[in-house]
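What follows is calculated from the coordinates using simple rules that are stated; it is not laboratory data. What you see is a predicted model; the values in this text were computed from it and never measured. Note that we place each Cβ from the backbone using ideal geometry, even for glycine, and neighbour counts take in every protein chain shown.
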Amino acid sequence: MTTTSTGTPARVVDFDDAVARFDPVMGLEVHVELSTATKMFCGCATTFGADPNTQVCPVCLGLPGALPVVNEGAVESAVRIGLALNCRIADWCRFARKNYFYPDMPKNFQTSQYDEPIAFDGYLDVEIPGAGDSGEPPEVFRVEIERAHMEEDTGKSTHVGTSGRIHGADYSLVDYNRAGIPLIEIVTKPITGAGERAPEVARAYVGALRDLLRALGVSDVRMEQGSLRCDANLSLRPRDDAAQQSVPFGTRTETKNVNSLRSVERAVRYEICRHAAVLDAGQAVVQETRHWHEDTGITTAGRPKSDADDYRYFPEPDLVPVSPSAEWVEGLRATLPEPPAQRRRRLQQDWGYSDLEMRDVVNAGAVEVIEDTVAAGATPAGARKWWTGELARRANAEGREVTDFGVTPAHVAELDGMVGEGRLNDSMARQVLEGVLAGEGTPTEVADARGLRMVRDDSALEEAVDAAIAASPDVADKVRGGKVQAAGALIGQVMKQMKGQADAARARELILERLSPPE
Amino acid sequence: MTETTTPAAGEELTRLTAAAMADRLTAGELTSEQLVHAHLDRIERLNPVLNAYLRVDAEGALATAREVDAARAGGEQLPRLAGVPVAVKDIACTEGLVTTAGSRMLAAWVPPYDATVVRRLREARMPILGKTNMDEFAMGSSTEHSAFGPTRNPWDLDRIPGGSGGGSSAAVAAYLAPLAIGSDTGGSIRQPAAVTGTVGAKPTYGGVSRYGVIALASSLDQIGPCARTVTDAALLHEVIGGHDPMDSTSIDAPVPPVLEAAGTRDLTGLRVGIVSELTGEGYQPDVQARFDEAVAQLREAGAEVVEVSCPHFRYALPAYYLILPSEASSNLARYDAMRYGLRVHPEGVDRPSAEQVMAASRDAGFGDEVKRRIILGTYALSAGYYEAYYGQAQKVRTLIARDFEAAFEQVDVLISPTAPTTAFRIGDKAEDPMAMYRNDIATIPANLAGVPGLSVPAGIAGDGLPVGVQLLAPATSDERMYAVGAALEARLAAQWGGSGSVLDRAPDVSALVDAFATTASSADREVTA
């Protein structure tokens, strides 16, 4: 009766094989929690992490008699999002009731928008890394936006018991703090033509959307906190290179609540492989929702979802239509931030990065954080080095974001400054970063605590240099003879003797000084 | 120091109009505490049989009364109706006081907040006597669908007081309150007013905040005053009306000057239209006769009366019975036993799921009429039926609104009988929902179009029961119906003599109640013997 959290792995086909024979079609639905101070239809606070059921009132609890009032700030955010997604903005639209029973939905209908969304018919150009490792320029893929509409979030159910789901739970707890938080649902048109790059496109789209929403300042876009949630619809159709667009779509599945960029890519990839296996076996794909399991990297069946799901939508009679004036909309258009792609080109120029370097930065999802780090005083080169180096490696290995490890732009700027001042050398700086990652404090605190500081006293260094020269007379002779690169071995000895706490550049200077050919 | 009054003097007090009570309070001839006591005494005697009130808040009403008296004694400037008691239909949330909407589902529900209309009564410093009976969730035209027993018509205890707001109208008609709050979705203020010989107004949609009033059909519901005179209704209308930021559909404009209009006597130059679709066939002959006499009175008061046609009104009833259940099915979805209200564990189920608890609770908590309308509405909104039912009904609604617009290009006010019949007997239409629905034929168009309507007494039919006429005005021109209603009321009063109230000609309700109690207890004795 109870299902385990991971379920049973399904048969899958190798990805390359799957995409060689099938054309993936995706539809991405992203829910964004707006960072308005108050809820969509009442004055309750929206603070994340408050004690359960402390941010509620008659309206968001759906008490008898309570009525909604639209949060104008949320409408403004919705319009700005629509404009940033190159959408048309409705000059008149209504809310609608989506009727279904669920304990975390106080009114047993969700106030949403149905056939009259506030924004529709847009697109977002997303960049996917150039193919291969040779630094090809990024490829631009246009994702068409069907609509962006306003709605309210539901409460949050916690099912207590072994199953962790509503079925088989001993009891369930509901926190209505989240009920009524403003959401914008952004729905793409079917994404076709991505072929084997479909998983990357999905990830790039959600990433680009996240960057855009962050730049708009309308949401915290924290996937791990659920303020940005992605449902990925996927279907496969046979490949027919002659007339691919005329091949009808296959049956889709909807993988719910995929909550990191990496998971979006993995989930789409997994579903492609699974669908292919189902189709290969001559079976029909079941139209259903799927649950994504981060730990095992697979999806399991959720509830059946038919096109005939009947939510009995009708226009919300408790609200008046929203009719943004053209003037207001144009005023909001003027507040839009620079489009992310254009911004990236500008930043690349400002920072003096090569195309390859910029590609690494984009792939690491580090554009914003480098911008913040440079603003905090770091050199562009230093900022890039740290964020795309150790932190990116770690993020990639753990399937997380570079900003997930407790290292802030201020930390990196401080670290970069310490290197620039000559207080730390490179290997010491790496150790300091480890300390920061371990939660030992700021770079200065870590360096002090660990006693990491380059020796500035030349006398100790000079002694070490002399000792190294004395110990390796043959190497010294080579250097004297003009083979400057041989000095490296001596520098190594000096650094070893100094236990790493020396400025390698200064050691090199001293060695060359002493071994310069007589004039 | 408690002020006392003799029972007879108390009876006299309850017969004053609200305006007269306010004047005497202001003049210091009367205290609010005396007034409240007088009403509480009468409620105690008559309500056990009438069942107009579901709950009486003696303590709360007296506390407000004493505060008002003290404030007045201290020379404080008070609102006009300060100290005048009022009853509230049990559909409006009252903080700390059980609010049931006439349903078992909410039999013990105590709202944590006041409806805006209740807050305005408190701000006007009016003692709230209690909560009045109603058809469950305001679905009905007789108050028989209350989960807590029917209210009896003070004119004839075997008859219905109208519905859904039969409790409020019966309370006002039986002098158990000078004023009451009602709600009108398809006639629930006006039809009870007509069949109890009282005055009831449904303001323009959005004229009075719906915040905190338990929703039946959001696009049709409107809150309004119940009273014994047009002036009293206007006084209460001005207290409760006006913009409320908590209700998005509330009109952001001042309350129409209804009180001033209630002083109108001369109708010279006013054009009044008889709605041809709302007279004649289907109307009880003496209802039609009282209506015709009322029209004659308006002519004598100087009005120019013509007949106008509103051809789409014939589709009003079917459109209404699609829109109302559709919205209601959604509005009533929240009663699922999860957060508040009745919770029933299904029998024979060891560990019921949330869904099973919801189903069992809704089955036990809702009465048949509510279930009937939830099923109708759920069906009408379903995929594949939406366009044919809800969609078509909305088109009819637009056509009805256009009929009103066209009519109001020709005339200033429309007139019709309020209800096709006088009060029917309790139980008469219990088995025939369609017959019950047809009772609202004349009142429903106003709700569909959002225009205001007022019912005023027009006299007594051959069966000894009161008849009402309905005046309809264009949206936001509520004052027009008050003007015509006041002029008609004044002319009829002059004709009838006495206090001028049709209620003067009602049987003595105390005697009826005593006789009823005796019969009932002797019947009990016979049964037990």
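Okay, here's what the table says:
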read-out	value
Packing-based exposure ordering (other Cβ within 10 Å, fewest first) of B:Cys310, A:Cys60, A:Cys273	A:Cys273, B:Cys310, A:Cys60
Ascending count of other beta-carbon atoms within 10 Å, so fewest first, for B:Asp247, B:Asp184, A:Asp125	A:Asp125, B:Asp247, B:Asp184
Gyration tensor (alpha-carbon) shape descriptor, region A:344-450, a/c threshold 1.5	oblate
DSSP beta bridge pairing in chain B, given as percent antiparallel to the nearest 5	65
When each of B:Lys131/B:Lys202; A:Lys156/B:Lys131; B:Lys202/B:Lys371 is checked by Cα-Cα distance, pairs over 30 Å	A:Lys156/B:Lys131
Net charge of neighbours whose Cβ lies under 15 Å from the Cβ of B:Ser103, counting Lys and Arg as +1 and Asp and Glu as -1	+2
Once the Cα gyration tensor of region A:266-349 is diagonalised, semi-axes √(5λ) in Å	40, 28, 11
Farthest toward positive dipole pole in the protein assembly as shown [+1 Lys/Arg, -1 Asp/Glu at C-beta], among A:Gly417, B:Pro245, B:Ile441	B:Ile441
The protein assembly as shown: C-alpha gyration tensor shape, a/c 1.5 cut-off, then a/b vs b/c	prolate
Links that overshoot a 25 Å alpha carbon limit, given the list A:Lys107/B:Lys395; A:Lys98/A:Lys305; A:Lys98/A:Lys256; A:Lys189/A:Lys305	A:Lys107/B:Lys395
Sum of -39500 (n - 2.57) over DSSP H runs of 4+, divided by residues of chain B (222 nm, nearest 500)	-13000 deg cm²/dmol
Likely footprinting exposure, B:Trp496, B:Trp109, A:Trp92, fewest C-beta neighbours within 10 Å first	A:Trp92, B:Trp496, B:Trp109
For q = 0.09, 0.17, 0.19 Å⁻¹, Debye-computed log10 I/I(0) when each Cα of region A:247-403 counts as one equal scatterer	-0.57, -1.00, -1.06
Shape of region B:269-334, Cα gyration tensor, a/c cut at 1.5	prolate
Dipole magnitude of region A:121-251, debye to nearest 20 (Cβ charges: Lys/Arg +1, Asp/Glu -1, about Cα centre)	320
At 0.890 mPa s and 25 °C, Stokes D of chain A from Kirkwood alpha-carbon radius, µm² per second	93
